[in-house]
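Below is one structure, written out as structure tokens; comments come after it.
The values are calculated or read from the model by the stated rules, or taken from the named source; none is laboratory data. Note that this is a predicted model, so its numbers are computed, not measured. Don't worry about glycine lacking a Cβ; one is built from the backbone with ideal geometry, like all the others, and counts go over all protein chains shown. Please note that ligands, DNA and RNA were not included when accessible areas were found on the heavy atoms of the full protein model with its side chains. Shrake-Rupley method; radii C 1.70, N 1.55, O 1.52, S 1.80 Å.
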Amino acid sequence: MDVKITPPSEPFPGTVHPTDGGGVLVSSLDEVINWARSNSLWPLVFGTSCCAIEMMSTAAAKYDFSRFGFEVARATPRQADVIIIAGTIVNKMAPVLKRLFDQMPDPKYVIAMGACATSGGPFFYNTYSVVKGADHIIPVDVYVAGCPPRPEALLHALITLQEKIKSGLTRDQIRGEMKAHGN
Amino acid sequence: MLRLENISSFIHTSLSNHLSETSVLLLEMTIIALAAITLFALLGLILVLMERKVSAWIQIRLGPNRVGPKGIFQTAADTLKLVLKEGFVPDGADKFLYKLAPFVVMIIAMILLAPIAFAKNFAIWDLNIGVFFITAISSVSVIGILMAGWASNNQYSLLGAMRSGAQIISYEISAGMAILSIVVLTGSLQISDIVASQSNGWWLFKGHIPALIAFVIYIIAVTAETNRAPFDMAEAESELTGGFHTEYAGMRFALFFLAEYINIFIVCAIGATLFLGGWMPFHIGNWEAFNHIMDYIPSSIWFLSKTFFLIFVIMWFRWTFPRLRIDQLLQLEWKYLLPISLFNLLLITLIAIKGWHF
Amino acid sequence: MFEQVSTSENGELVINVGPQHPATHGVLHLLITLNGETVTKLEPNLGYIHRSIEKMCESLSYRQFIYTTSRMDYLSSHINNHACALTVESALQIEIPERAEYIRVIMSELTRMASHQLWWGAMAMDLGALSPFFYAFRERESINDIMEETCGARLTMNYFVPGGVMYDLHPNFVAKVKEFIVFFKSKIDEYDELLTGNIIFQNRMKNIGIISKEDAISYGCTGPTARGSGVSCDIRKIYPYSIYQKLDFDEVIEHGCDSFSRYQVRMKEMRQSLKIIEQLIDNIPKGEFQAKTKAVLKLPKGEFYTRVETARGELGVYIVSEGGTSPYRIKFRSPGFSNLSALEHMVKGHKIGDLVAIMGTLDLVIPDIDR
Amino acid sequence: MGTEELIQSIQSMFPDASINMGNNFPELVIEKDSLLSVLNQLKSEPTLAFDYLFCETCVDWKSHLTMVYHLDSTRFRHNLVIKTNLDAQAPEIESACHLYRTAELHEREIFDLFGVKFLNHPHLRRILLTDDWKGHPLRKDYDDPINMIKL
């Protein structure tokens, strides 16, 4: 899928002909689909280390991510929509993670929770077995900082992911938009 | 008054005035099919939401409350997402059986809907062997699960399917015995007869303690038959990750998910019909005024509230008890429930012959 | 058309449990051979979260390496830090202020309770009862709140440093802990009512996962796993460290050797921890919370070993020093690693459902095993 | 039995080996060939009863490796450290896992990280790292320019 997408910051090469209402049905259907997808993110039960405990805290009564409909945690990747990489990924785990990601049916999303999953975190230097960031293995949609991140941070990440899905933009488009805003 | 039987007879008469008998039949069948499918979808949405709300309530949480007012569109979003998810067949699976299995499970759940009396004089097909029909059909649903487990080519699925096979076939007997005890009391297999026989009191109360025992056994057996915790051997999330539906995704998984809840609805509806008087209002002896008020409530409301009460009880089980082990599960059936229900059936027969019931 | 379902030579089913499996509480991989539903062979495969902490520590200073241990057994991070701090202190012969000792013990016991609460919830979840998990987390959150006020973190605290603790207690600490003691005392009875007496639960736990006293010692089991088999192995009692000597508490020992005994040990340990905290919370002495230490710590040449009792069992820290600012070799003897080795012995001949239950009672934390 | 007495009684049992007090525990240094017989005697001798091996590890001293066994007695509550030196090039030692079952996993770990070969071990394979891993990372001369980012 090597489709080159023009970032929205660049002007469209050509003229846009406005159609009288033709696109409404398609675009609103897209909106409905994105609404459904964003509100029904079922996470995969996947926790490697400390962050898994904070993920469990997020599921528990005080933070309760079931309010957003995330509580249907599936043990099998076939039925999951979002994989929350909660913890360090080491070299031995990397192929497993890739396989889990491959086993998930599209559309699928990834949240890298915590410093380890983002970059290797505290295990960046002088370790022979830690993968320095899960994005070396699978594409990540949302990164959460912290070691481990607080449950609120994970909730924020999930809501950010919802917004991302609702916006309907691709990864490249979002990147372009962020560049345009100077982030 | 607006009652479901009036609506159905109104539709029937207005159609008969204009069309021939055959076309009326065909048209009515189409209407019923559409109504059944709509009911299915609605029930699925409501029951899944109810499960999530009940679990949240038991687990001191809030439950879904962001999607729509009070979160009522949560399950709609889930369903839509599942339908739109990538559907695929895993490598090495038996493609035909893999695709067939969810539909088998679903269709069986649908067929079971036929003889249930939703309200006074309102059933799709009030056949004279209604109870027999239900027991016969419901035992077929195991085939769908076995099919799914075998076709997935996954050890977990296979184990789950085998467990489910052993479990459903075992508990079918107890459930059958419990149903039979009411049949003995009523002397009829027809659902409408059974409901009519409870006009002066529900069998749960009329049948003394044996009926109560039969009711308890029925609830335990159907919890097992629908693969619900504490008997969720077939799925056993912490042991077999997903049991027979481990390899299912998207739409096909949604069908399994839906079928589970429809099955719960059906077994609870049957339980309500047999033991709690179906659509019969609750009457107390000769409290005329009270009975009159009870009569005023539509029969469909009575039926649904009884059914949902039983559904709530089954959900309550799920969120309270730990799971049994497979051998304990079979032991419970063959060593305890089956002898008890056999003996209980004898007692009930005695009661029925001697006319000791009210 | 069909790929053969993988079987061993005599037709038994071979199943991979993990690395991603809800019952392994992390990324443990178990290769199990099944005859029907009965487990005939089990082989653990570790290393899916092996982060080479021991190698890392060889290039970290004696103040820095403590943070890695918080991430090892993250459920008893205070106690891990305690072990490291004790090793460094004993090597350098640092006297630590009494206030710091009191704070350390209170924190350790709070951690132990939090860890056991999580275990209780997670084990119940393994057995299929989903609600206890949420009740356990309710109590755990109140401990986390207490921790957060003083240490600034909820899970990986890094609060104990060589010479004492990093900061003084938060002014609310004592009041909040007292509040928690009252609150938790009623809740722990609730735990017993909800799960311990349940007949399904008892049937799932009694006479399951039996390990005799001799085997438990030979397998190097420690902590509640061994104490459930009648082995006296509470380091707080047999080799007292810190101020445990002065405290009045019992070492909980059960003689059932089965899963239920291990369960009972943990439940009773929570009550013992409450008892310890009750003794200490009113008497925290005033004074310094940290001894004066040099900025750069250099351990003398030699070997140092410290044993402490974490929530899972005996944690040993073995430091070989060449006199430099960082350890020459460091070895963490983690309790989970040895407890795991007894798993096959316990599980053999039981059903696959019991495997999950037994693993629940071992209370494995995988990063603690893999390090 | 006090530590002094313990040292004396062990010294009398093994006159060839050297024993002295370390920082925490008494340390007994033995030849690697006598490991099994020493462990066996320490375990079976009723006045010592070292029945619990609580830690087994290895230290790389560049010139040689040292195996370190930490023993404890659950009956008398006394401890002992046994040390034995191994050749750095081809380290080999008898496995202790028939005496102490806990050694099985510990020895697999040491094999994995140090490359010590344990004779008569039931299944000596890598445990923490992947099977195709090259080298033994806790050796001092181990270097991995790809995975290890030096600070």
Requested in this report: Could you list all residues from region A:88-123 that are away from chain B (no Cβ under 14 Å), more than 16 Å from A:CYS50 (Cα to Cα) and not in a strand (DSSP E or B)?
Outcome: A:ASN91, A:LYS92, A:ALA94, A:PRO95, A:VAL96, A:LEU97, A:LYS98
Query raised in the report: In the set B:LEU97, B:LEU159, B:LEU112, B:LEU127, which member is under 20 Å from B:LEU43 (Cβ atoms) and in contact (Cβ under 8 Å) with a residue 40 or more places away in the chain?
Result: B:LEU112
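Could you say whether any residue in region D:33-54 is of a type in the set (D, E, K, R), over 25 Å from C:ASP234 (Cα atoms) and under 14 Å from the mean Cα position of the chain (by Cα)?
Going residue by residue through region D:33-54, those that are of a type in the set (D, E, K, R) are D:33, D:43, D:45, D:51.
Applying the additional criterion that residues be over 25 Å from C:ASP234 (Cα atoms) yields D:33.
Going one step further and asking which of them are under 14 Å from the mean Cα position of the chain (by Cα), we end up with D:33.
Within region D:33-54, one or more residues are of a type in the set (D, E, K, R), over 25 Å from C:ASP234 (Cα atoms) and under 14 Å from the mean Cα position of the chain (by Cα).
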**Report entry** Filter result for C:THR24 (open to solvent by less than 30 Å² (accessible area, probe 1.4 Å), more than 9 Å from every other protein chain (Cβ to nearest Cβ), under 21 Å from the mean Cα position of the chain (by Cα) and within 18 Å of C:GLY209 (Cα to Cα))
**Finding:** yes
Query - Test: C:THR68 is touching a helix residue (DSSP H, G or I) at 6+ places or on another chain (Cβ under 7 Å) and β-branched (Val, Ile, Thr) - result: yes
Requested in this report: Mind listing whichever residues of region B:51-73 are within 8 Å of chain A (Cβ to nearest Cβ) and under 22 Å from B:ARG228 (Cα atoms)?
Outcome: B:ARG52, B:ALA56, B:GLN59, B:ILE60, B:ARG61, B:GLY63, B:PRO64
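Suppose the filter is closer than 30 Å to A:PHE123 by Cβ, surrounded by fewer than 21 Cβ atoms within 10 Å (Cβ to Cβ), in contact (Cβ under 8 Å) with a residue 24 or more places away in the chain and not polar (S, T, N, Q); does C:LEU75 pass it? Before you say what the answer is, go through the steps one by one.
Working: closer than 30 Å to A:PHE123 by Cβ: yes; surrounded by fewer than 21 Cβ atoms within 10 Å (Cβ to Cβ): no; in contact (Cβ under 8 Å) with a residue 24 or more places away in the chain: yes; not polar (S, T, N, Q): yes.
Considered against the rule, which asks whether it is closer than 30 Å to A:PHE123 by Cβ, surrounded by fewer than 21 Cβ atoms within 10 Å (Cβ to Cβ), in contact (Cβ under 8 Å) with a residue 24 or more places away in the chain and not polar (S, T, N, Q), C:LEU75 comes out as no.
Name the one entry in D:LEU124, D:LEU99, D:LEU128 that is touching a residue at least 12 places away in the same chain (Cβ under 8 Å), part of a loop (DSSP other than H, G, I, E, B), open to solvent by less than 40 Å² (accessible area, probe 1.4 Å) and over 20 Å from D:ASN40 (Cα atoms). Before you say what the answer is, go through the steps one by one.
Details: D:LEU124 fails: open to solvent by less than 40 Å² (accessible area, probe 1.4 Å); D:LEU99 fails: over 20 Å from D:ASN40 (Cα atoms).
Going through D:LEU124, D:LEU99, D:LEU128 in turn, just one is touching a residue at least 12 places away in the same chain (Cβ under 8 Å), part of a loop (DSSP other than H, G, I, E, B), open to solvent by less than 40 Å² (accessible area, probe 1.4 Å) and over 20 Å from D:ASN40 (Cα atoms): D:LEU128.
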Query - Single residue of B:LEU39, B:LEU47, B:LEU27, B:LEU82 found to be surrounded by fewer than 15 Cβ atoms within 10 Å (Cβ to Cβ) and in a helix (DSSP H, G or I) - result: B:LEU27
Query raised in the report: In region A:123-153, how many are in contact with a strand residue (DSSP E or B) (Cβ under 9 Å, 6 or more places away or on another chain), under 23 Å from D:ASP143 (Cα atoms) and surrounded by fewer than 18 Cβ atoms within 10 Å (Cβ to Cβ)?
Result: 1
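Quick one: would you say C:HIS116 is touching a residue at least 60 places away in the same chain (Cβ under 8 Å), in a helix (DSSP H, G or I) and either over 30 Å from C:ILE188 (Cβ atoms) or open to solvent by less than 10 Å² (accessible area, probe 1.4 Å) (or both)?
yes
Sort out which residues of region C:157-174 are in contact (Cβ under 8 Å) with a residue 24 or more places away in the chain and either open to solvent by 10 Å² or more (accessible area, probe 1.4 Å) or aliphatic (A, V, I, L, M) (or both), and write them in order of number.
Looking only at region C:157-174, we keep the residues that are in contact (Cβ under 8 Å) with a residue 24 or more places away in the chain, and these are C:157-169, C:173-174.
Within region C:157-174, C:MET157, C:ASN158, C:VAL161, C:VAL165, C:MET166, C:TYR167, C:ASP168, C:LEU169, C:VAL174 qualify.
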Query raised in the report: How about region D:1-93: which strands (runs of 3 or more DSSP E) wholly inside it have at least 3 residues that are among the polar types (S, T, N, Q)?
Result: D:79-87
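Taking the criterion of being within 14 Å of chain D (Cβ to nearest Cβ) and either outside any helix (DSSP H, G or I) or crowded, with 18+ Cβ neighbours inside 10 Å (or both), would at least one residue in region C:246-260 satisfy it?
In the first step, residues of region C:246-260 are kept if they are within 14 Å of chain D (Cβ to nearest Cβ); the result is C:251, C:253.
Those left that are additionally either outside any helix (DSSP H, G or I) or crowded, with 18+ Cβ neighbours inside 10 Å (or both): C:251, C:253.
Scanning region C:246-260, I find at least one residue that is within 14 Å of chain D (Cβ to nearest Cβ) and either outside any helix (DSSP H, G or I) or crowded, with 18+ Cβ neighbours inside 10 Å (or both), so the answer is yes.
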Report task. Please give the number of the condition A:LYS179 fails out of (1) open to solvent by 40 Å² or more (accessible area, probe 1.4 Å); (2) over 12 Å from the mean Cα position of the chain (by Cα); (3) under 30 Å from D:ASP112 (Cβ atoms). Result -> (3)
Query - Matching option when the condition is open to solvent by less than 50 Å² (accessible area, probe 1.4 Å), more than 19 Å from C:VAL105 (Cα to Cα) and of a type in the set (Val, Ile, Thr), among C:ILE217, C:ILE210, C:ILE199 - result: C:ILE217
